[in-house]
1. Give the ranking of F11, F18 by solvent-accessible surface, highest area first, calculated with a 1.4 Å probe.
2. Spin-label point model (7 Å from Cα, Cβ direction): what's the A31 to E323 distance in nm?
3. Give the ranking of L262, L359 by solvent-accessible surface, highest area first, calculated with a 1.4 Å probe.
4. Of the labelled options [x] 23.6; [y] 28.0; [z] 20.7, which one gives mean projected area of the Cα convex hull in nm² as computed for this structure?
5. Considering only protein heavy atoms, what is the solvent-accessible area of D298 at a probe of 1.4 Å, reported in Å² to the nearest 10?
6. Can you compute 3J(HN,Hα) from phi for each residue in the range 317-330, using the Karplus curve 6.51 cos²θ - 1.76 cosθ + 1.60 with θ = phi - 60°, rounded to whole Hz and x for Gly and Pro?
7. A 19 angstrom limit on the alpha carbon distance is what I want to check against. Which of K260/K351; K39/K84; K84/K304; K211/K260; K259/K351; K211/K351 exceed it?
8. Please list, ordered by chain and number, the residues whose modelled amide H lies under 5 Å from the amide H of F349; skip anything fewer than 5 residues away on the same chain.
Amino acid sequence: MQRILLYLKVFVLLVCIFLGFSLLSVLIPDAPVRKNIEKSIKDVINQPDYPDLMIKGDHHRLDYAMDGQISNIIYTVDNQEPLKSALLGRCRMEDGPYTSQWNHLSYNIRHNNLKPNVNYARYWHGNSFFFRIFYSFTDFNEIKWLIFFITSLLMAAFAMLLYRETGGLNAIAILAGLFFVNVYIMQFSMQMSPVLIISIIAGFFLISHMKRNNGNIGLLFFITGAVTTYFDLLTAPLLTLGLPMLIWVSMNKEEGNLKKDLVFGIQQLLVFGMLWSTGYLGAWAFKVLITIPVADFDIFSDVKNQFLLRSGSEGINRMSAIEANFNFLPLVFINIILLIFLIFSILFFKKRGISRAILFLAVAVVPYIWFYITANHSIFHNWFTYRIQAIAVSGVFMAVISLVDWQRFSDRWNRIFKIQG
């Protein structure tokens, strides 16, 4: 009972923080924010919604559509209506054939005296309130650079910490998963960068907890799930669950009993998943509830229709959603690396690594469960939803690495060089 009360208190505190942060962001003076957005529109008005960044192909497309919509929501924020601005996700869009989100933003700028005609209230839109702070002192072009700078620093620190606490091979495996899903695209995106930042920060806290033998790791997953919902509901949310799970498995101390270690590990991963999901879905549901008093439309119908649509499979096959995302991976390169590790695992097999390998594989399966459940969203937005497979790539690499007795390999390598010397 005390544990339930603790989680309830934390949940209430989180909701207050989310709403408080949104309101504080809304109260930033409108004038400098709008001035920087108006300055930005000149650079992007002729850009497509999904431009290639440096390399051609869907794998390397920026999501200017959502960045444009985020900017549109930020521009529509009104200091005189803070609560509505914080909860309704309002913007102005032009009727008629769709062109681009930047054109909608241009329309908003030209007609900012009109009432907002679009509500996007089913999300918290924490990314809008976060980047509104950035727009208060700079433009979109500089914001992209700042995102890249911040995420690069975090990833560098993350890499060093992983190397120190989980070992070089595990650190490389986790980072490889991110690089094989073109993490650099996320580093230039207002839409995609928050989950990357949350994942890394959650990893920092998890490592700190485990070093201190803190038993309340479940609370961290609960908080991470809720924070994920505040910033990003459907882009690549599972990164904030899967990356900490992989770190937990790699740092968890084993007792040497295969069955016991495996049962304990599976139980813990299920608990972490349920707590993350409770925070994730709970924060989303509560957002809908607190929006009811200020909404002049049926928000429940909107949420219900979108939920059924995004989780539905009408006209598609749920397995096709998995296939569509899986085929976005650079499978040739992944398989070459995997084959090399498999050869090492055969030559230098370590039986004690079986339980850890199974746990890594269990985490690797999680993205495909997500694709199956959210079939509609995952198949029609596969060019960005595929990025949660960073968990799968890293998990499979780490599983095979766990089956290699690297001490035997090192001893054999040293003997060969000694003989040759």
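The values are calculated or read from the model by the stated rules, or taken from the named source; none is laboratory data. Values in this document were obtained by computation on a predicted structure and should not be read as measured data. Don't worry about glycine lacking a Cβ; one is built from the backbone with ideal geometry, like all the others, and counts go over all protein chains shown. When the accessible area is computed, the model is the full protein with side chains, heavy atoms only, and any ligands, DNA or RNA have been set aside. Shrake-Rupley method; radii C 1.70, N 1.55, O 1.52, S 1.80 Å.
1. Final ranking, largest accessible area leading: F11, F18.
2. If labels sit at A31 and E323, their model points lie 5.9 nm apart.
3. Working: L262 45, L359 10 Å².
I get L262, L359, largest accessible area first.
4. Working out mean projected area of the Cα convex hull in nm² from the coordinates points to [x].
5. 90 Å²
6. Calculated HN-Hα couplings, in order: 10, 4, 5, 5, 5, 5, 5, 4, 7, 4, 6, 7, 6, x Hz.
7. Over 19 Å apart, Cα to Cα: K39/K84; K84/K304; K211/K260; K211/K351.
8. Here the answer is D405, since their amide H atoms fall under 5 Å of that of F349.
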